[in-house]
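Scroll down for the structure; my scribbles are underneath it.
Please treat every number below as a calculation from the coordinates, not as lab data. Computed from a prediction, not measured in an experiment: that's the story for all the values here. Note that we place each Cβ from the backbone using ideal geometry, even for glycine, and neighbour counts take in every protein chain shown.
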Amino acid sequence: MFDLVIKNGTVVSPESSKKIDIGIKDGKISVLDQLGDSVEAKEVIDATGKHILPGVIDAHMHVEAPFQGCFGANDFYTQSVSAAFGGVTTIMDFTNTFPGNSVITQFEERKDEMSKSALDYSIHCKFVEAPERILQEIPKLIDMGSPSFKMFMTYRKEGVMSDDETLLKVFKLAKEYGGLPLLHAESNAIAESNIEECVASNSLGWQSFASSKPVLCETEAVSRATLFSEYCGNAVLFVHTTNKPSLDIARRAQECGLPVYVETCPHYLTLFDDMYASEERGHLAICSPPLRTPKEAKELWDGLRDGTICVTGSDDCTYSIKEKEMFLERDAQGKIIPDFRKIVNGLSGCEIRLPVLLSEGVAKGRISINRLVELTSTNVAKLSGCYPQKGCLAPGSDADITIVDLSRKWVLSPEQLHNNIDYCLHDGLELTGAVDTTIARGSIVVQGKDFLGKRDSGRFIKRSIAESVLTNHAF
Ligand code: URP
Ligand code: ZN
Ligand code: ZN
Ligand code: ZN
C-alpha cells in the first residue's frame, strides 16, 4: 500500500524521459515502474499529459537578511509558499555573518529562522573575515552539514566583503576539509572607483549603476578567484554569472579538469539593462551584478547548453517598492531624485525560475527538458552535497517532485505570484509551461492554485559534497 501514486506521467531525468509510474511511501520514492490499475494507494494523481521532474532546488536566495538597510518582504514561511508555487521543494539561504560574528552562532540562528519553512532547507555559511577563531569553525561547520562558504568579493562599504587574504585562507581550508566556496565575483576596486567617479560627475541615475559595474568588473574577480582556487587546489562556484568573458575564464579552467563551477539566474537570461532607462521603474531592477544586454543573455544560453554553466539559482532577494525607495529623496514635486547608492540590490525570482526556464528555455528550444532538470535540480543537489537524497527520482530518494504542464499558456503578473510584493519585472511575459503540482517529501504542498503545505514542516538538510565534485570538474 503506497501513500501516494503518480500515474501516467512522463518522468524526466537528465538522461531520459519515460512514461512510468511512481509509488511513494513514508516520504520517500519507493518504486518506479508500471503500477497497473489495481495498485493500492491512499491517494492517486493522474499525471496524463504532464511531465514529472525531480523537485526544484533553489540554493541561492536571501530571506530575512539585513542588507543595505533593508530586510526583505518575506520570512521563511512566506518564501517557502512562494517557492512551492514555483515548483521548488528545497531552499537554501546563507548565514547573516557580519564582522565579529561567530559563523557557528550565525548558523544556529539561521537554522532557527529557517525552521518556519514549509519546505526542506539548508544553509550556506557566509565568511566576511578570517581570524583564527573563525577559521577553526570551518571543519565543525562541515561536520554540521554546511560545507559551502559564501564570500562577497565586493560590498566593502557594507562591511561584508572578503578581502583576498580571507579568500585564500578559506580556500585552503575548504580544500583541506571538503568545502565549496561560493563567490559573488565583482571587483571591489573597479566598482568603488567607478562609483566615486559617478559621484564626482553627479551621474547617479539607474543607468550609471549598470555602467559602474561593467562586464570586466565581474570578469576580473572571476579571473582572480579562479587562479586562487587553482593555486589552493579547491573547488569553487561562481554565483549569478552574467557574461561570456567570465564564462571563458571558467571554461578554460574546466577544460584543465579544475573544479570550477558556474551558476546563472533567470533574470540575466530574460531581463536587460534597458530597464534602467526608465526613471520611474529602473530602480526596481537594481541588482548586482547589474542586468546586461540581449547579447550577454544569448551567450549565457550558450553556456547553459555547452555545460560551462552547470546550475541555476534565483538569487531571490524580494524587496517591496517601499523598501527599494526608502532611502531615496524626492524633489518638491515628489519626484524621486535618482541615487543608485541608496537602493538595496536584489530582485525577486524564486517562484518564476522554473516557469521562465520552461518557457524561455524548453518551449523555445534553447534547452531540453532533461537539461532543465540538471540545471534546476540534479546538478544543484550534486554540487551542494545533498544528492541522491535530493535532485533525482529514484527508489530511496526523498519524494520531492514537481509536476509540470509543458503546454499551459499564461502571462506573468504580480497577481499570479505569491512573493509578497506588488510588482513583477517580468510583468506581461507570455509563458508556455506551468507548475501543476509540487510534492515535498511525499506531501502535496501545491496543487493548482491551492497551497496545502504547513508552516514548520520543512527539515534541515545536512549536506556533504562528494570528493569527485571537489577534486575534478565533475559535470
Ligand atoms: O543584488 C543582489 N544580487 N542582491 C543579493 C545579494 C547578492 O549579492 O547576492
Ligand atoms: Zn551576490
Ligand atoms: Zn545572492
Ligand atoms: Zn562542465
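In terms of surrounding Cβ atoms within a 10 Å radius of their Cβ, GLU43, GLU263 rank from fewest to most as GLU43, GLU263. Of the residues HIS473, HIS267, the one with the fewest other Cβ atoms within 10 Å heads the list, and the complete ranking is HIS473, HIS267.
For the chain, the fraction of C-alpha pairs farther apart than 35 angstrom is 27 percent.
Simple spin-label estimate for LEU227 and LYS140 gives 3.5 nm between the two label positions (7 Å along the Cα-to-Cβ direction from each Cα). Which loop-located trypsin sites (Lys or Arg not before Pro) does the stretch 369-475 contain, where loop means any DSSP state but H, G, I, E or B and the Cβ has at most 13 other Cβ atoms within 10 Å? Sites meeting the loop and neighbour criteria: LYS449, LYS454.
Report the FRET efficiency, 1/(1 + (r/R0)^6), for VAL44 and LYS364, where r is their Cβ-Cβ distance and R0 is 51 Å, rounded to 0.05.
Between VAL44 and LYS364 the formula returns 0.95.
Karplus-based coupling profile of the stretch 338-350, in residue order and whole Hz: x, 7, 4, 5, 9, 10, 5, 7, x, 10, 7, x, 5, with θ = phi - 60° in 6.51 cos²θ - 1.76 cosθ + 1.60 and x standing for Gly or Pro.
Loop-resident chymotrypsin sites (Phe, Trp or Tyr not before Pro) (DSSP state other than H, G, I, E or B) in the stretch 277-360 with no more than 15 further Cβ atoms inside 10 Å of their Cβ: PHE327. Computed from phi, the 3J(HN,Hα) profile of the stretch 120-134 under the Karplus parametrisation 6.51, -1.76, 1.60 (θ = phi - 60°) reads 4, 9, 8, 10, 8, 9, 9, 10, 10, 6, 9, x, 3, 5, 7 Hz, with x in place of Gly and Pro. Legend: ranking of residues ILE104, ILE134, ILE352 from fewest to most surrounding C-beta atoms inside 10 Å; resulting order ILE104, ILE134, ILE352.
Close amide H partners of VAL445, meaning residues 5 or more places away or on another chain with modelled amide H under 5 Å apart, are THR438, ILE439, ALA440. With both residues required to sit in the chain, DSSP beta bridges show an antiparallel share near 50%.
Expressed in Å, the radius of gyration and Dmax of the Cα atoms of the stretch 330-475 are 19.0, 65. Couplings 3J(HN,Hα) for the stretch 56-61, derived from phi with the Karplus relation 6.51 cos²θ - 1.76 cosθ + 1.60 (θ = phi - 60°), are 6, 10, 10, 8, 9, 8 Hz, where x marks Gly and Pro. For the pair LYS298 and GLU255, a Förster radius of 25 Å applied to the C-beta separation gives a FRET efficiency near 0.70, rounded to the nearest 0.05. How big is the gap, in Å, between the Cα center of the stretch 9-62 and the Cα center of the stretch 445-464? If you average the Cα positions of each part, the centres end up 17 Å apart. The mean of 1/r over all pairs of different alpha-carbon atoms in the stretch 37-127, once inverted, gives a Kirkwood hydrodynamic radius of 15.1 Å. Close amide-amide hydrogen proximity is noted between SER148 and CYS125, LEU180, each under 5 Å apart and 5 or more residues distant or on a separate chain (H modeled in the peptide plane; Pro and chain starts excluded).
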